[in-house]
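Working notes, beginning with the structure itself.
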Amino acid sequence: MGRFSNKVWKVLGAQSTRNQSRSVALIEQSAAFDEWAQGLSDAEFPDAALALDVYDAKTQDRARFIAVAREAADRALGLRPFDVQLQGADRLLEGDVVEMATGEGKTLAGAVAAAGMALAGRSVHVISPNDYLARRDAEWMKPFFDLLDVTVGYVAESSTREERRAAYAKDVVYGSVNEIGFDVLRDQLATRAEDLLSPKPDVAIVDEADSVLVDEALIPLVLAGSVKGDVPQAAIMEVVARLRQGKHYEVDSDGKSAFLTDDGARLVEEELGGIDLYSDAHVGSTLPQVNIALHAYSLVERDVHYIVRDGEVKLINSSRGRVAELQRWPDGLQAAVEAKEGLSQTDSGEVIDTITVQALLQRYALVCGMTGTAIAAGEQLRQFYDLGVSQIPPNTPNIRVDQPMRVFDNKGNKVAAIVDYVREVHETGQPVLIGTHDVAESEELVHMLKISGVTATVLNAKNDADEARIIADAGTRGAVTVSTQMAGRGTDIKLGGHDAGDDSAEHDEVAELGGLAVVGTGLHDTERLDQQLRGRAGRQGDPGTSVIFASVEDPIVERHLPLKRSPGGADPETGEFPRGKAADMLDSAQRVAEGGMLETHANTWRYNQLVNQQRDLVMARRHTLLTTDRPLVDFEEYEPERLDALRAEIDDDVLEQAAREAFLYHLDRTWAEHLAFVSEVQTTIHLRALGRQSPLDEFHRLVIEEFRKLPDEAVRRARETLREAEITADGIDLAGADLGRNTLTWTYMVHDNPFATKGMANMFGMI
Ligand code: ADP
Ligand code: MG
């Protein structure tokens with residue numbers, strides 16, 4: 001709460017209290033319509049529902065809708081929504097991000113809101129954390145939507161074009177942010193209006209909203225086409241591999257940037273044949289490559305940031321702690337890491353189009369969402385999306401006991417204490433869930449547990465469906481499950497096992513033992529992730545405990561409070577500090593980390609915004625070319641003689657399509673070239689901005705200037721094509737004019753763009 005001034009907090013608090021009492025009142029009013037809803041036959045539901053407009057303030061339609069939804073869910077799903085779920089749905093209809101704890105039934109709350117919006121004529125996308133959940137939730141909720149005659153579908157990576165087209169035609173579509181985003185990007189390849197797939201964005205209901213809207217906001221989704229990428233020179237990789245930290249290079253305290261010392265620069269210069277890295281000939285070419293190689297060796301760690309599997313570098317998604325199949329780093333870094341691991345270079349391709357998750361979501365007219373931790377993300381949600389948050393109380397009071405953090409003097413003592421604690425709890429039969437920070441740590445812990453006689457199930461880097469199954473059983477008597485961060489997100493843990501009902505003997509037995517015991521192996525960079533881990537226990541009024549073990553040597557302290565001295569007073573035997581100072585130190589490291597992340601987000605967003613606006617302009621032009629007769633009009637204006645000659649033999653429709661393809665081709669080419677320019681400027685901006693006031697201003701100046709040339713250049717090239725390319729009754733022969741489109745395209749997400757942060761400036765040793 002430290003981030004808010006008290007006054008701001010009070011205003012927000014008052015607002016949300018008012019909203020909450022309004023929702024409570026609405027749910028009470030809806031009771032008056034319960035009897036009416038119960039009296040409807042299944043066949044009468046669609047008409048009754050369709051007559052309702054939840055956004056009509058003059059009627060009681062919202063209250064009526066709540067009654068209908070309650071009855072429909074009961075009948076179709078066997079789930080009678082709790083009042084709190086309907087309160088959540090009501091706040092979603094108002095466009096808030098609602099905070100509801102794990103296991104409170106956010107899926108159903110989201111579906112009720114989606115149905116209400118669909119009945120009011122809106123088109124709804126429910127953004128799921130992954131493909132597995134998109135499908136699970138769409139199929140699970142389908143009978144409810146069916147009863148209201150609201151159509152529902154989902155898209156997943158494996159969906160065919162036809163399946164996607166059918167899904168997007170539904171009132172409500174479930175899909176992960178990347179699948180929906182990739183479809184938006186793939187529309188860049190359409191040369192006919194009927195090939196467009198993505199619908200006009202209207203409403204997005206985002207599940208696990210903080211993860212998508214905050215943690216993944218700045219990840220660019222990329223559509224690329226095949227061309228050969230840059231590979232860092234072998235000689236550079238070789239010399240950089242030999243550099244030693246402290247002597248040849250330093251790593252910044254936040255672990256985000258590394259830079260050469262004078263010694264290091266000298267060694268590199270010698271080994272590369274006595275060059276001067278900072279001379280005009282090398283400062284823009286060799287030096288950036290050296291820095292990228294250095295980044296690959298010093299900052300990107302195997303089994304923490306990536307794993308090597310099947311001869312490929314697979315990135316680990318830091319906010320979810322599992323392999324991110326579709327992600328890669330920016331090209332130079334990806335190639336450098338592959339070279340470091342002695343793997344063959346993957347084709348990096350040319351970026352055809354790209355959009356960040358944040359920009360993708362900002363295209364929607366209305367964004368709302370649900371998560372277990374909305375309040376703690378409130379500042380980002382307000383600042384970047386202008387979203388309010390609503391806290392919904394739990395259906396049954398939460399009785400989980402969150403024990404105070406236990407802090408140790410070093411990692412060895414911390415791990416020993418964790419192992420002791422887990423063994424003791426395990427001996428009672430109480431299930432234990434341990435949340436670690438990375439794959440390497442989870443494997444190490446499983447090993448240590450094994451030595452002490454505890455067999456743990458480890459959960460990392462698997463597929464979503466497997467993860468869901470393992471995590472769903474983490475509440476079984478005697479289970480010890482080790483998980484990386486938020487693996488298996490979206491699945492709740494029932495006491496007694498995944499199919500143990502809330503009244504079953506298995507459930508009650510584990511509840512008697514104290515429920516699920518959650519153990520954290522250190523603070524996360526944000527308190528939100530700690531809360532999510534703790535929130536795994538104590539669902540729906542179940543008993544449970546949570547405790548976080550930390551050490552003053554944890555990375556979070558090293559990175560964010562590098563100069564802080566360890567407090568004294570640790571127990572000489574166990575290394576455990578008494579409560580107080582040591583825990584305060586960890587907490588303040590976390591606050592520094594949170595502040596840094598917010599600043600980086602704001603900063604990066606400033607760089608992105610301009611390019612997003614430019615993208616909108618290009619897309620608007622593209623849309624006009626695709627959906628109107630503008631191509632022919634322009635052909636006529638620009639090249640009337642050629643057009644007249646062609647018109648003697650060829651129909652206007654064919655000529656219009658020929659012109660369309662020519663204009664689109666060059667618009668897309670110039671946009672791809674512009675993106676390449678932007679990325680070039682991004683990597684070198686701190687060199688270019690040397691001597692000027694602000695790199696951001698300089699970035700804007702260069703990118704605006706370059707973009708200004710784009711429309712004319714695209715038209716100039718298209719005119720040339722229209723003058724010279726072969727145009728017959730079969731259309732225009734672009735390939736024959738050496739203007740073939742990329743035949744091979746693919747999509748990916750760029751992970752952790754190191755160039756978009758202030759880290760780049762540090763990499764070059766400029767600030
Ligand atoms: P969340 O996303 O909030 O963690 P889910 O939507 O996954 O929760 O639901 C968690 C569990 O609660 C599911 O097993 C679901 O069947 C159950 N559930 C949801 N709503 C109700 C309800 N109204 N009555 C009984 N069980 C419910
Ligand atoms: Mg959920």
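The values are calculated or read from the model by the stated rules, or taken from the named source; none is laboratory data. Every value quoted in this text rests on a predicted model; they were computed, and no experiment measured them. Please note: Cβ atoms are built from the backbone with ideal geometry, for glycine as well, and neighbour counts cover all protein chains shown.
Quick notes on this one:
- The set of residues in the range 629-653 being surrounded by 17 or more Cβ atoms within 10 Å (Cβ to Cβ), aliphatic (A, V, I, L, M) and assigned to a helix (DSSP H, G or I) consists of L632, L643, L646.
- Being at positive phi and more than 13 Å from ligand 1 (Cβ to nearest atom) is a description that does not apply to Q540.
- Which listed residue is more than 16 Å from ligand 2 (Cβ to nearest atom) and on the phi < 0 side of the Ramachandran plot, from D508, D464: D508
- Residues that are surrounded by fewer than 24 Cβ atoms within 10 Å (Cβ to Cβ) and touching a Phe, Trp or Tyr at 6+ places or on another chain (Cβ under 8 Å), drawn from the range 192-207: L197, S198, P199, P201, D202, V203
- Taking the listed residues Y154, Y132, the one that is surrounded by fewer than 24 Cβ atoms within 10 Å (Cβ to Cβ), within 16 Å of ligand 2 (Cβ to nearest atom) and either over 17 Å from A49 (Cβ atoms) or hydroxyl-bearing (S, T, Y) (or both) is Y132, with no other qualifying.
- The range 185-295 holds strands (runs of 3 or more DSSP E) entirely within its bounds, and those carrying 3 or more residues that are at pLDDT 80 or above map to 203-207, 220-225, 249-251.
- When R489, R469 are checked against the criterion of being within 16 Å of ligand 1 (Cβ to nearest atom), basic (K, R), modelled with pLDDT under 95 and out of contact with any Asp or Glu (no Cβ under 8 Å at 6 or more places or on another chain), a single residue qualifies: R469.
- In the range 420-446, the residues that are at pLDDT 95 or above and surrounded by fewer than 17 Cβ atoms within 10 Å (Cβ to Cβ): D420, R423, E424, E427, T428, G429
- Taking the numbered list (1) within 15 Å of V206 (Cβ to Cβ); (2) crowded, with 24+ Cβ neighbours inside 10 Å in turn, A72 passes all entries but (1).
- Exclusive hit being at pLDDT below 95 and within 12 Å of ligand 1 (Cβ to nearest atom), set A101, A73: A101
- Annotation: T521 fulfils all but one of (1) crowded, with 19+ Cβ neighbours inside 10 Å; (2) within 16 Å of ligand 1 (Cβ to nearest atom); (3) under 32 Å from the mean Cα position of the chain (by Cα); the unmet one is (2).
- The residues in the range 362-395 that are of a type in the set (A, V, I, L, M), in a loop (DSSP other than H, G, I, E, B) and more than 16 Å from ligand 2 (Cβ to nearest atom) can be counted, and the count is 2.
- Output for the range 200-214, where each listed residue is of a type in the set (D, E, K, R) and within 16 Å of ligand 2 (Cβ to nearest atom): D207, E208, D210
- Qualifying residue in the range 93-109 (condition: away from ligand 2 (no atom under 16 Å from the Cβ) and among the β-branched types (V, I, T)): no
- Spans of helices (runs of 4 or more DSSP H) in the range 24-130 with at least 2 residues closer than 27 Å to T371 by Cβ: 61-77, 83-93, 106-119
- Enumeration of residues in the range 484-502 that are more than 16 Å from ligand 2 (Cβ to nearest atom), over 19 Å from the mean Cα position of the chain (by Cα) and either on the phi < 0 side of the Ramachandran plot or aliphatic (A, V, I, L, M) (or both): L495, D499, A500, G501, D502
- Within the range 25-37, not a single residue is touching an Asp or Glu at 6+ places or on another chain (Cβ under 7 Å), more than 20 Å from A113 (Cβ to Cβ) and surrounded by fewer than 18 Cβ atoms within 10 Å (Cβ to Cβ).
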